[in-house]
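Some notes on the structure that comes next.
The values are calculated or read from the model by the stated rules, or taken from the named source; none is laboratory data. Keep in mind it's a predicted model, so treat the numbers as computed, not measured. Positions of Cβ are backbone-derived with ideal geometry, glycine not excepted, and every protein chain shown enters the neighbour counts. Calculation scope for accessible area: heavy atoms of the full protein, side chains included, ligands and nucleic acids excluded. Shrake-Rupley method; radii C 1.70, N 1.55, O 1.52, S 1.80 Å.
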Amino acid sequence: MTTILGYAAQDSSKPLAPYRFQRRAVGANDVQIDILYCGVCHSDLHTARNEWKNTLYPSVPGHEIVGKVTAVGSDVTGFKVGDLAGVGCMVDSCQSCSSCSEGLEQYCENGFTGTYNGPLFGGENTYGGYSDNIVVDQKFVLRIRHTDNLAAVAPLLCAGITTYSPLRQWNVKPGDKVGIVGLGGLGHMGVKIAAAMGAHVVLFTTSPNKREDALRLGAAEVVVSKNADEMAAHVNSFDFILNTVAAPHNLDAFLGLLKRDATMTLVGVPDSAHPSPEVFGLIFKRRRLAGSLIGGIAETQEMLDFCAEHNIVSDIELIDIQNINEAYERMLKSDVKYRFVIDMASLAKDQDAA
């Protein structure tokens, strides 16, 4: 066991603060990673504040991890000391159910183990990337092929795969007309990735002042979704829509823009339910409303390689760990373009604090 320094929430009402805890010793199949950067996901905030009513305290969030390998177990074959490596949202799964056998560990029928907050269906707590280092089974460690801007690579481990996976699952191809709803941490990655796949990307936003940024990121068009005329101009025309908005809203407004047999996939998780969609809007065009959850390990590696090939990273604001509570408040106001990332070297300032 090794004593680690991190930042933890002790209960839902307290800010994150320095916290020491134990990591397991490096086993035969383990990779130990010194964490260089950790992205800040909205899920971190939900968990730290127990907004999903399932938090195990103390809670050390963080599942967008980029770092350097400092030790490997005797049976590790894919990594060596000095390699760059990443860890995303999962650190284990049953490895025996049909989903796991198909490389879809995120849908493990026995519940994957999150990088923080433990197994999905209950079990011992796990501690995430707001910390010095992490020890992970080699099956859940990713190769980082980007050679620079590593801080901006970190959000790919969640925001990147969350948007890449549905674009791949629904076979987005060059020339397809693809809508991205929302320009936040997820949406801006969706725009970049869909554009790199060769799609004609239309960004939907409620904020006219995001038009210029959306075009810079790769959108071909921007539609202000509150403008009825702009929306009406796109009825029955989309091959696929990726909806990243994490607030309840009218889904029918976007479902009506789909072609026959086309799909809108939801990846944002609101804190209360969306209004139910109108059934007629689905059945008369055989449209589909779907959902998607991150991606399996193989697909996450595919995404990282794709992003390295196309020079895709997240747009970030780099912060010290000491500013994490302020960052959470700014996230609630959408006051970041478009993802906070923690420089974990800043944790050294707290060596005597915990």
Within the range 5-37, the residues that are without any contact (Cβ under 8 Å) to a residue 60 or more places away in the chain, polar (S, T, N, Q) and in a strand (DSSP E or B) are 22
For residue 29, work out the one condition from (1) more than 17 Å from the chain's Cα centre (by Cα); (2) within 20 Å of residue 157 (Cα to Cα) it doesn't fulfil.
(2)
If you check 233, 273, 247, which single one turns out to be more than 23 Å from residue 172 (Cβ to Cβ) and open to solvent by 60 Å² or more (accessible area, probe 1.4 Å)?
273
Among the residues that make up the range 124-132, is at least one of them without any contact (Cβ under 8 Å) to a residue 60 or more places away in the chain and under 24 Å from residue 302 (Cα atoms)?
no
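Is it the case, given these coordinates, that residue 324 is in the same structural domain as residue 87 (by the TED database), β-branched (Val, Ile, Thr) and in a strand (DSSP E or B)? Reasoning before the result, please.
Numbers: in the same structural domain as residue 87 (by the TED database): yes; β-branched (Val, Ile, Thr): yes; in a strand (DSSP E or B): no.
No; evaluated as a whole, the condition is false for this residue.
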Quick one: residue 121 ticks every box in (1) surrounded by fewer than 17 Cβ atoms within 10 Å (Cβ to Cβ); (2) in contact (Cβ under 8 Å) with a residue 12 or more places away in the chain bar one, so which box is it?
(2)
From 31, 87, 69, grab the single residue that is in the same structural domain as residue 153 (by the TED database), within 18 Å of residue 141 (Cα to Cα) and in contact with a His (Cβ under 8 Å, 6 or more places away or on another chain).
87
